1. Quickly run through segment 53-79 and pick out the residues that are buried (at least 17 other Cβ atoms within 10 Å of the Cβ) and free of Cβ contacts under 8 Å to residues at least 60 places away in the same chain.
2. Which of (1) closer than 15 Å to residue 171 by Cα; (2) more than 26 Å from the chain's Cα centre (by Cα) is the odd one out, the single condition residue 292 does not satisfy?
3. Can you list the strands (runs of 3 or more DSSP E) lying wholly within segment 94-212 that have 2 or more residues being over 17 Å from the mean Cα position of the chain (by Cα), modelled with pLDDT of 95 or more and closer than 22 Å to residue 243 by Cα?
4. Would you confirm whether or not segment 292-304 contains a residue that is surrounded by 13 or more Cβ atoms within 10 Å (Cβ to Cβ) and either touching a residue at least 60 places away in the same chain (Cβ under 8 Å) or in a loop (DSSP other than H, G, I, E, B) (or both)?
5. Identify all residues within segment 320-333 that are out of contact with any strand residue (DSSP E or B) (no Cβ under 9 Å at 6 or more places or on another chain), loosely packed, with under 12 Cβ neighbours inside 10 Å and at pLDDT 95 or above; write none if there are none.
6. Being closer than 30 Å to residue 226 by Cα and surrounded by 24 or more Cβ atoms within 10 Å (Cβ to Cβ), is that true of even one residue in segment 92-101?
7. Out of everything in segment 222-258 that is in contact (Cβ under 8 Å) with a residue 60 or more places away in the chain and in a loop (DSSP other than H, G, I, E, B), what residue ends up being farthest from the chain's Cα centre (by Cα)?
8. Given (1) within 29 Å of residue 87 (Cα to Cα); (2) without any contact (Cβ under 8 Å) to a residue 12 or more places away in the chain; (3) within 27 Å of the chain's Cα centre (by Cα); (4) outside the structural domain of residue 75 (by the TED database), where does residue 331 come up short, assuming only one miss?
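The values are calculated or read from the model by the stated rules, or taken from the named source; none is laboratory data. Since this is a predicted model, take the numbers as computed values, not measurements. All Cβ positions, even for glycine, are placed from backbone atoms using ideal geometry, and neighbour counts span all protein chains on display.
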């Protein structure tokens, strides 16, 4: 079944109010989660709400942090999330880095002492909505094996790039440096389905399609070319760790516990490039539109399946889900019912 995003937003608002989250911060968290699910990024959207509620309850995430800029020089800044919600910190930092890019042409901001920030694409898209090119990166605790390794070392370390090419249209990329996120393994276990080939490994370091055997994820590129995904992941690790004074991902606390009292101290990294500092916005838009026009002329391998530009499937999904609702399964219903009962809220999703 599907549920209206408005109903989900209303439920989240009431829960976060009970948790004493500030009004503006509530708005930013809800924006990040609901927008992700609307665009089809279900692994990092509303499905994670119960996890963040648990982290707020146990103390891993502060409900009233004092976030602030602790370093700023021309096009460079460091933003301290003070162990608050990563989504809130990253959306606030997106606004800061965009403002700096408008002054300097290009800007970067590191976010320190943060928590899981959901989908990386939320923040590159936020930057792109202000006529900039946006890039967004984060690291996490170990899920991915290094190339030729057998146990997890890197996080899924996502890369996101967004560029506008007309009003409300974006060339948008958001993917992990592994073939799948760990949440997809968890979903496969829940649904008792098999994984694709060469995306996960077992405790022997061998590829497995059995979600219950999986203990880690393979880097992009698979068995022979995984050094590419591993290299991409390494570069993201450096941006989100050593460059901004944070530990690298291997030393981070596990997202899934058992310790939910200690802050995880994650790092994120955002870049904004002001388009008209390089070329006129009109010429830039025309250039991307020509690129997409030529792309659409290419013949698809399979009849009935069009070649899509990066971000097009998310646009199509969002349009559909705003009308028809967000998919809402038994697991979500059970998790949200538990929260509603705990906080004595009506649950009529």
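1. 56, 65, 67, 75, 77, 79
2. (2)
3. Working: elements: 106-114, 132-138, 159-166, 169-175.
In segment 94-212, the matching strands (runs of 3 or more DSSP E) lie at 106-114.
4. Scanning segment 292-304 turns up at least one residue that is surrounded by 13 or more Cβ atoms within 10 Å (Cβ to Cβ) and either touching a residue at least 60 places away in the same chain (Cβ under 8 Å) or in a loop (DSSP other than H, G, I, E, B) (or both).
5. Answer for segment 320-333, where residues must be out of contact with any strand residue (DSSP E or B) (no Cβ under 9 Å at 6 or more places or on another chain), loosely packed, with under 12 Cβ neighbours inside 10 Å and at pLDDT 95 or above: just 323.
6. Among the residues of segment 92-101, not one is closer than 30 Å to residue 226 by Cα and surrounded by 24 or more Cβ atoms within 10 Å (Cβ to Cβ), which makes the answer no.
7. Result: 245.
8. It fails just one condition, (2).
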